[in-house]
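First the structure, in the form of structure tokens, and then the observations on it.
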Amino acid sequence: MLTQRNMRIHFAAALLVLALALYLRIDAHDLLFLFFSITLVIMAEMFNTAVEAVVDLYVQTFHPLARIAKNVAAGAVLIAALNSIVVAYLVIYPRLSGW
């Protein structure tokens, strides 16, 4: 799983956000939102990888439905990642605005 470049990027971003949250002493309630958001992105990336692997296993030539399946799975990752950015902004930005 960690051989996937995007998965490594998501894990690195998650570690940075969690380190910043611990440094800023984010309370448990807000930390829970961050954890759920991170988990959602990781799960979406795992499902995306699974869909791509199954499509590649099943389809040997170009097929428009295969392209749609891959694009929808990638779109789910994008939506989850955008959601995590919004959550991080709402949780972390108020604590940074005083700096």
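Couplings for region 13-28, taken from phi via the Karplus curve 6.51 cos²θ - 1.76 cosθ + 1.60 with θ = phi - 60°, read 5, 4, 5, 5, 5, 5, 5, 5, 5, 5, 4, 7, 6, 5, 6, 4 Hz in order; Gly and Pro are left as x.
As a proxy for reagent exposure, ranking His29, His63 by other Cβ atoms within 10 Å from fewest up yields His29, His63. Each stretch of four or more DSSP H residues adds -39500 (n - 2.57); spread over every residue of the chain, this sum gives -30000 deg cm²/dmol at 222 nm. Of the residues Ser37, Ser84, Ser97, the one with the fewest other Cβ atoms within 10 Å heads the list, and the complete ranking is Ser97, Ser37, Ser84.
Our coupling estimate for region 82-92, obtained by passing each phi through the Karplus curve with A = 6.51, B = -1.76, C = 1.60 and θ = phi - 60°, is 5, 4, 5, 5, 5, 4, 4, 4, 5, 8, 8 Hz, Gly and Pro reported as x. Hull volume per residue, based on the alpha-carbon atoms of region 5-96 and their convex hull, is 81 Å³. Applying 0.36 nm per residue to the separation of Arg67 and Ala13 and subtracting their alpha-carbon distance, the gain on full extension is 16.7 nm.
Since every read-out is calculated from the coordinates, none of them should be taken as a lab result. What you see is a predicted model; the values in this text were computed from it and never measured. Cβ coordinates were reconstructed from backbone atoms using ideal geometry, including for glycine residues, and neighbour counts include every protein chain displayed.
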